[in-house]
Amino acid sequence: MAWYNKDGLLVQFGNDHNDRANQDNLAMAPSTMGSEKELIVNVVLDRLGTGVSYSTDIDNDGTKDGFNTGDPFIPAGAVVTSCELYMSETATSTGSAVLEVGSYQLDGTVIDANGFIASTAVAALGAGVGIEGAGADIGEAVSTTLNAYIGVDVNVEAFTAGEGKLVLKYVIV
């Protein structure tokens, strides 16, 4: 539990400072709706730069290049039923930024870089817009042997603004 005291200071206990619900561009723990589960990622485009939204610097070189075992993932063999990006703020770029959403192994190795949302240009990411993923991994098991971590990938050029929520649903079979 966290709150602001009379002085306006944030008071936190235990793992409050690690609360995934308040972190941007990282998947939150899955919720369950019957047999279907979902992962939600708060996407803040201008914080991504270019490249994949990795969470961990695996080789301690100062660059995030993989995921960690505490990150939510799609279990091996699970079938992805949908992936949608709902924009709350219009995306902008000084050039031709392109967004993709895909799956990666724990060590950052690509499983399918655009398996959920393929090559969506900055012009398509307006406020109030919902982008329905139509990548090759929708309706399929991402991997029968590997857990799949979700990566948002920015190609060509970085975004200068834009926010939204990525909602990915899957069923463990």
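The values are calculated or read from the model by the stated rules, or taken from the named source; none is laboratory data. Quick caveat, the model's predicted, so the values are computed rather than measured. Please note: Cβ atoms are built from the backbone with ideal geometry, for glycine as well, and neighbour counts cover all protein chains shown. Just the protein is used for accessible areas: all its heavy atoms, side chains included, with ligands, DNA and RNA removed. Shrake-Rupley method; radii C 1.70, N 1.55, O 1.52, S 1.80 Å.
Data for the structure
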item: Residue-level accessible surface for Asp137, protein heavy atoms, 1.4 Å, Å²; result: 20
item: Formal net charge of residues neighbouring Ser82 (Cβ-Cβ distance under 15 Å; K, R +1; D, E -1); result: -3
item: Cα→Cβ-extended label distance, 7 Å offset, between Lys64 and Val173, nm; result: 3.2
